[in-house]
1. Residues in region 143-164 near a label at residue 65, defined as backbone nitrogen under 20 Å from the 7 Å Cα→Cβ point?
2. I need the calculated FRET efficiency for the pair residue 143 and residue 82, taking r as the beta carbon distance and R₀ as 25 Å, to the nearest 0.05.
3. Mind ordering 147-160, 74-87 by average Cβ neighbours within 10 Å, highest first?
């Protein structure tokens, strides 16, 4: 590992960790530029060191968050259920309860994201259908049916509260 990138055990506070990330974020672009030219092996080694350094910092920052995988949470705001989430509007409502599966940094939103699996995830068919063995029970249009494989939904921490 390059000696330019460090373990994060020596940082004493969150501000130092964030400052380090900000100061070294341009290094990723510089290393990526090397990948198109000669010296690819050196660039890959440096990129791996950068990744390990950033991953260590992010896991330490995540450890400071009030939410952890396995926490039980409740929605305190309803999301806009548009596009791909439109069919989830009936269960992604204020008061919906779920379990945090993962806490990760959402680079696009520049915020933390909680990936939550909701207890009452269901789907509502748009038509009547007879039972199909091994696939679904007989159902009527508008019935709330359990899903066979639950999904996780990404929420900012401001959308939930931790349950005791």
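Just so it is clear, none of the values below were taken in a lab; they were calculated from the coordinates. Just so it is clear, the model here is predicted, and its values are computed rather than measured. Positions of Cβ are generated from backbone atoms using ideal geometry, with glycine treated the same way; all protein chains shown enter the neighbour counts.
1. 151-164
2. After rounding to 0.05, the efficiency reads 0.60.
3. 147-160, 74-87
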